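Here's the structure we're looking at; comments come further down.
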Amino acid sequence: MRITIETLFPQLIASWAREALIGRAVERGLLEIRANDLRRFAGNRTGRVDDAPYGGGAGMVIRVDVAAQAIDEARSAVPPADEVVLLSPAGEPLAQPLVERFAGYRHLMLLCGRYEGFDARVEQFVDREVSIGDVVLMGGELAALCVAEATARLLPGVLGDAESHRCDSFSSGLLDYPEFTRPPMYRGLEVPEVLRSGDHARVASWRRAQALLRTARRRPDLLAAAPGDDERRVSAALAPDDEEET
Ligand code: ADE
């Protein structure tokens, strides 16, 4: 899969694309990251891509012609961009079903704004606007990396077997169960006995209950979308004397 990221700071993207599991996926040809500099469409020798806002006010606005040319390029690439996504605090909130959709594409283009953002006419050229949450960043780059990383980890071969298994557990729509490692006791905090019992069936059912309990306590909104047979177990998981671990 190719992910093209259009930005004024391509080096910021390039260093992420070299590191850790993403770097390995790129080396192995499972993923191609293209970090392109929007300034190539500046149309002037200074590389200036912004201008003052009509109507006045502080800050500068990135020109629509700069964005439109970058989008045209991605749409006529081989393979063409399946979707062009603008990162913006005004976009739809990022969530797992959306990245699952992106992971099925051959080419995804992510467009990052800076300053006061793009000329609003850019909305007519993109397929979708995505926000990584109700928070304002200084630009779309870190948001684009969130989208790119969440998408990349779903591509076949990018994660090892162990990590893929964890990924399946989140795809169920629940928060993950808590994990522990040695030592068994630290400053009075003990690893739950069931995890040290060697009884795989008990471990599996404890983990499921913990995932439900955590989700019910921390993110009850997620439970509405959880598979039906979980609902009966939620009431059991929420029995008053039950304690969420950690
Ligand atoms: N650019 C600035 N803030 C953003 C956000 N929350 N999501 C996506 N892009 C952004």
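Every number in this text was worked out from the coordinates using simple rules, so none of it is lab data. Quantities reported herein were computed from a predicted structural model and do not represent experimental measurements. In this analysis, Cβ positions are derived from the backbone assuming ideal geometry, glycine residues included, and neighbour counts consider all displayed protein chains.
Quick look at the values:
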{"read-out": "GNM result for the chain, Cα springs below 10 Å: residue of Phe118, Phe180, Phe102 fluctuating most strongly", "value": "Phe180"}
{"read-out": "Separation between Cα centres of the range 37-73 and the range 165-225, rounded to whole Å", "value": "49"}
{"read-out": "For Arg128, residues with placed amide H under 5 Å, excluding near neighbours", "value": "Val84, Leu86"}
{"read-out": "Residue (of Thr4, Gly113, Pro89) at the positive-pole extreme of the range 2-152, dipole from beta-carbon charges", "value": "Thr4"}
{"read-out": "Within a Gaussian network of the chain (alpha carbon springs, distance under 10 Å), most fluctuating of Arg208, Arg75, Arg128", "value": "Arg208"}
{"read-out": "Fraction of beta bridges assigned by DSSP in the range 2-152 that are antiparallel (%, nearest 5)", "value": "10"}
{"read-out": "Efficiency of FRET between Phe9 and Arg219 - r from beta-carbon atoms, R0 41 angstrom, step 0.05", "value": "0.80"}
{"read-out": "Theoretical ellipticity at 222 nm over the chain - DSSP helices of four or more residues, -39500 (n - 2.57) apiece, nearest 500", "value": "-11000 deg cm²/dmol"}
{"read-out": "Potential extension, Ser171-Ala204 segment - 0.36 nm per residue separation minus Cα distance", "value": "10.2 nm"}
